[in-house]
Amino acid sequence: MVLAGNEAGETTHLHLSSRLSPHAKIRAFCTRQARLSCVRRGKFWRTPMQPMTSPFQIGPILLVGFMGAGKSSVGAALASELGCSFIDLDAVVEESAGQPAAAIFGAEGEQRFRQLESEALDQVLSTGTARRVVALGGGTYGQSGNRDRIARSGALVVFLEVELDEAMRRVGPFVGKRPLAANREGFARLFEERRSAYEQAHVRTDTTNKPITTIAKELAAWFREQERQR
């Protein structure tokens, strides 16, 4: 079950039939999320590799970053600021698989989870070029195949940066639901391993010690300014 807000500000419970195939579940889930307006409510840095003159359109906005960066929370708030839909890729994977991410990791391993994640990403990217905010999983953008898919889609990628200690603090209460956050050493190693992938994003903003609403408002203002300049 996933909670999302509708335009009236009411919480809607989304259930997908167990009779649907995994791909059908993903399509149905994305369609339902796209029809809802989420009501939950830096500095920016452009990579030399991907200046703002590149051919992407500010349509789909994909948030990437490490565990604890705030992708889901900022994504929901940003979608509210921009008046568009919000999709959490981890939630899409869990709905299609019918079980939490931790259960998938435990029963079938990380490789199977990454496969389901890539399939979910394909479905999300194939739903058109309309503006929507998508929070990717912490490891999604670390997969080269996924980065290629995203590059072909023309989506805008935003790296939500967070300091290691802050990420650990945020994730701490939810370690049981985070299979890759079992110990600090492994957490820190993964943090460094994924950084080079995250830094290929079009835009970066630091989320450390900043309220979610502030990050969302700053990003929304920046996107609007970019559109005015186009």
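None of the figures in this text is laboratory data; all of them are computed from the coordinates on show. All values derive from a computational prediction rather than experimental measurement. Neighbour counts are summed over all protein chains in view; Cβ atoms, including those assigned to glycine, are modelled from backbone coordinates with ideal geometry.
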Once amide hydrogens are built 1.01 Å from N within the peptide plane, the residues lying 5 or more places from Ser85 or on another chain with amide H under 5 Å from its amide H are Val133
Relative exposure of Met67, Met168, judged by other C-beta atoms within 10 Å (fewest first): Met168, Met67
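Between Ala130 and Thr213, what FRET efficiency comes out of the Förster formula 1/(1 + (r/R0)^6) with R0 = 35 Å and r the beta carbon distance, rounded to 0.05? Could the numbers behind the result be given before it?
Working: r = 24 Å, r/R0 = 0.69.
It comes out at approximately 0.90.
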Ordering of 106-112, 208-214, 83-89, 197-203 by burial proxy (mean other Cβ atoms within 10 Å per residue, highest first): 83-89, 197-203, 208-214, 106-112
Which length gain, in nm to one decimal place, applies between Arg228 and Leu164 when the Cα-Cα distance is subtracted from 0.36 nm times their residue separation? 19.5 nm
Give me Glu227, Glu163 sorted ascending by neighbouring Cβ count inside 10 Å, so fewest comes first. Glu227, Glu163
